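Step one of this worksheet: look at the structure below.
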Amino acid sequence: MVLGIETSCDETGVGLVRDGVVLGQAVASSMDEHARFGGVVPEIAARAHLHSVTPVVRAALADAGLTLADVGAVAVTAGPGLATALQVGVAAAKAYAVALDVPLYGVHHLAGHVAAATLDGEPLPNPCVVLIVSGGHTSLLYVRDLATDPIEHLGDTVDDAAGECFDKAARVLGLPYPGGPNVDRAARGGDPAAVSFPRPMTGPRDDPFGFSFSGLKTAAARWAETERRAGREPVVADAAASLQEAIADVLTRKAVAACRARGVDTLVVVGGVAANSRVRALAEERCAAAGITLRVPPLRLCTDNGAMTAAVGDLLIRAGRPPASLDLTIDPSAPLVDALLQPRPVALPAAS
Amino acid sequence: MLLLAFDTATPAVTVALHDGSRVVSGCTQIDARRHGELLVPGIVTALADAGRDRAELSDIAVGVGPGPYTGLRVGLMTARALGDALGIPVHGVCTLDALAYATGRTADQGPFVAATDARRKEVYWARYADARTRLEGPGVDRAADIADGVAGLPAFGAGAALYAESFASVAGPEHVDAAALAELAVERLKNGGEFLPPEPLYLRRPDAKVPANYKPVTPN
C-alpha cells in the first residue's frame, strides 16, 4: 500500500492507495486563513502544513482502518507548487520512509490530478486526451501510459490559468475567495447570455489548443466598472453565469477538438476547475454529441488531495520505476513531462 | 537510551546520536540552502556510523529555533514524522540554548549572549548567565537595537560575528552542533529538565498584507 503526501499549495492531503483503489484519505486546508488576503500566502500555508501532516496521516489511516505497518511505500509531491510548502511534505515523506524502512517516490503534482481520474478503479485508456485545469495550470495533454511514457503537451495557457481567472473575476464582482466555488454558486440564478464575454484564443489564426485567460479577467473588470460608473449595480448572478459560460465554452470546445484531431475517444477533465458545475455539464454535453467518453473524477478528488499522489506512486511502482534517493529535493516549477519527479540536488556555489 | 538530535535553525544541518553516556556519532554539513536535501541522509549516516538501527531510537531532540523558517520547518517536520512513525517522544530545545551550552561557560565567567543570523539585518538572540541558564530571550532584533541591554557582554555565534561592533567580543562556536544539543537534551532528561513542544519559534508573523481596496482596471 502506498502512503501519498501532498502539500504543494494550501491543502495538506494524505491518501492510501493499493492497486489503484483508495483505501483511505484525509485533507486539512488552510484556505480560511488565506481568505482575507485574497489568495494563498505561502508562509501561512507552510506553517499550516507543519501542524497538519502527522494528524492527517493518522486521520487517513483511521479512515482506512489500517496502521503505518501496512505502508509499503511513500509517495510525495515534489513539485510544482509553493517551494516552502513542498519542503514540508518532502521532509515528512522522507522521515516516514526512513522510519518505516520503505521506498520513497517523488511525483509530479499534475500527474496526480490526472491519476485522480483512475481512482474509480478504472485505468485510463491509452491514449487519452487530458484537460488539466486548476488555479495554477491550464493544459491539454496527450497521455499514453501515465507511469512510463512522456506526456505530450498539445497546448497550454499563454498567461493565466482558468482558476486564476475565476479568483480575480470573483474579486471584481465582490464575491469572496476562493473564486471558483463562489462564482459557481452565484451563477446558479444568472443568465449565461446576459454579458457577452470574449472567447479568448478561438480565432482562426489562434493556436487551436492554446489558452489565454488574462484578457477575460480584464473584460470582467471592465464590465463591472462600466456598470458601476453608469450608476447600475452589477448583476452579479448574470456576470458570474456569463463568465463561467465563457470559460467552460473555451475549455470544452478545445478539448473536444483535440480529441478529434488526435483520433482519441476518451477525454479526461481533471484539476480544481473540473469541480465547476458548468465545466462538467458542458463537457458531458459536448463529449456525448461527439461520441467521446468523458472521465471526470468525483468532486472531492478534483481539488488537491493525497490519494492522487498515492495513486501516481502506486502506478509508478507497478511500472517498475525506480524509487528516489533520500537527497530528493523539490522543483517548484517542474513542467509536466513525466509522472515521476525526483529532482536531485544541483551544484550551487557554496553558501557563506 | 538512544537519542537522535538534530538542528536546522542555522546554516548547519547537524545530526548527532547519544547513547545516554556519550555522543556516539554525528554528521554536520554547512549549507544554508539545503536543509531539506541533507538532513535525512545525515540521520542515516549517523545511525550507520554508530552501527545502530532506527528501531533502537528511544528519543528525538530537535532544535526549535529561532531560525529561518524553511530550514527550521524541515527539522521540525522530520522530527514530528519520525516521532509519529517510531512511536517515540520528540523533545524541543531552543537552538540558542544548544549554542550557549556548547560554550561551556560558567557563571564565574559572567553573562553572555548567543546570537544567530536572522537575515533582514537582524539577529536571533538570547542572554545567558551560564551555559545552562537563559536569562532573556529568545528575541529577534537589529543587533544595534539590543546593544544597550547586552553592552559589554561577550557574544557567541554567527549572528554576533555579523554585527561584531554591537558586542564586547565575539567568539565561536559559529553554528549550533547537534552534539551539544544531544548532550544538553540527555542532561535535561536525566535531571527532569523542561523541554519545549516541537513547535518552531518563528518570532515573526508571516509577511502578508491584506490587499488594499479595489483598484479599478479601467481609467476614469
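When you go through B:Val40, B:Val62, B:Val23 one by one, which is the residue that is closer than 22 Å to A:Tyr96 by Cβ and more than 7 Å from every other protein chain (Cβ to nearest Cβ)? Step by step, each of B:Val40, B:Val62, B:Val23 is checked, and only B:Val62 is closer than 22 Å to A:Tyr96 by Cβ and more than 7 Å from every other protein chain (Cβ to nearest Cβ). Inside segment B:67-99, can you point out the residues that are away from every other protein chain (no Cβ under 14 Å) and within 23 Å of B:Lys121 (Cβ to Cβ)? If the condition is that a residue be away from every other protein chain (no Cβ under 14 Å) and within 23 Å of B:Lys121 (Cβ to Cβ), then B:Cys94, B:Thr95, B:Leu96, B:Leu99 are the ones that fit.
The single condition among (1) surrounded by fewer than 19 Cβ atoms within 10 Å (Cβ to Cβ); (2) within 8 Å of chain A (Cβ to nearest Cβ) that B:Gln29 does not meet is (2).
Could you identify the single residue in A:Arg36, A:Arg58 that is at pLDDT 95 or above, surrounded by fewer than 24 Cβ atoms within 10 Å (Cβ to Cβ) and assigned to a helix (DSSP H, G or I)? That would be A:Arg58, the only listed residue that is at pLDDT 95 or above, surrounded by fewer than 24 Cβ atoms within 10 Å (Cβ to Cβ) and assigned to a helix (DSSP H, G or I). Is it the case, given these coordinates, that A:His49 is more than 19 Å from A:Tyr105 (Cα to Cα), modelled with pLDDT under 95 and within 11 Å of another protein chain (Cβ to nearest Cβ)? So A:His49 does not fit the description; no.
Taking segment B:188-204 on its own, how many of its residues are more than 12 Å from chain A (Cβ to nearest Cβ), among the charged types (D, E, K, R) and surrounded by 13 or more Cβ atoms within 10 Å (Cβ to Cβ)?
Residues in segment B:188-204 being more than 12 Å from chain A (Cβ to nearest Cβ), among the charged types (D, E, K, R) and surrounded by 13 or more Cβ atoms within 10 Å (Cβ to Cβ): 1 in total.
Output the residues belonging to segment B:172-189 that are more than 18 Å from B:Val64 (Cα to Cα) and in contact (Cβ under 8 Å) with a residue 60 or more places away in the chain. The one that is more than 18 Å from B:Val64 (Cα to Cα) and in contact (Cβ under 8 Å) with a residue 60 or more places away in the chain: B:Pro173. In segment B:43-56, is there at least one residue being within 8 Å of another protein chain (Cβ to nearest Cβ), of a type outside the set (D, E, K, R) and within 24 Å of A:Leu3 (Cα to Cα)? So far as segment B:43-56 goes, yes, one or more of its residues are within 8 Å of another protein chain (Cβ to nearest Cβ), of a type outside the set (D, E, K, R) and within 24 Å of A:Leu3 (Cα to Cα).
Just checking, which of A:Ala117, A:Ala69, A:Ala78, A:Ala111 is within 14 Å of chain B (Cβ to nearest Cβ), within 17 Å of the chain's Cα centre (by Cα) and hydrophobic (A, V, I, L, M, F, W, C)? Write out each step before concluding.
On the way: A:Ala117 fails: within 14 Å of chain B (Cβ to nearest Cβ); A:Ala69 fails: within 17 Å of the chain's Cα centre (by Cα); A:Ala111 fails: within 14 Å of chain B (Cβ to nearest Cβ).
Checking each option against the conditions leaves just A:Ala78.
Does A:Leu100 count as within 14 Å of chain B (Cβ to nearest Cβ), more than 30 Å from A:Lys217 (Cα to Cα) and surrounded by fewer than 23 Cβ atoms within 10 Å (Cβ to Cβ)? So A:Leu100 passes the test. Screening A:Gly112, A:Gly106, A:Gly136, A:Gly121 for residues that are surrounded by fewer than 24 Cβ atoms within 10 Å (Cβ to Cβ) and under 17 Å from A:Thr7 (Cβ atoms) leaves exactly one candidate, A:Gly136.
Look at (1) touching a Pro at 6+ places or on another chain (Cβ under 7 Å); (2) surrounded by 18 or more Cβ atoms within 10 Å (Cβ to Cβ); (3) more than 29 Å from B:Leu4 (Cβ to Cβ) and you find that B:Ser166 fails only one, number (1).
Restricting A:Val129, A:Val102, A:Val88 to residues that are outside any strand (DSSP E or B) and over 28 Å from A:Ile44 (Cβ atoms) narrows the list to A:Val102.
Within segment A:70-82, can one find any residue that is on the phi < 0 side of the Ramachandran plot, assigned to a helix (DSSP H, G or I) and either surrounded by fewer than 22 Cβ atoms within 10 Å (Cβ to Cβ) or of a type in the set (A, V, I, L, M, F, W, C) (or both)? Checking segment A:70-82: at least one residue is on the phi < 0 side of the Ramachandran plot, assigned to a helix (DSSP H, G or I) and either surrounded by fewer than 22 Cβ atoms within 10 Å (Cβ to Cβ) or of a type in the set (A, V, I, L, M, F, W, C) (or both).
The values are calculated or read from the model by the stated rules, or taken from the named source; none is laboratory data. Note that the structure is a prediction, hence the values are computed from the model and not measured. Cβ coordinates were reconstructed from backbone atoms using ideal geometry, including for glycine residues, and neighbour counts include every protein chain displayed.
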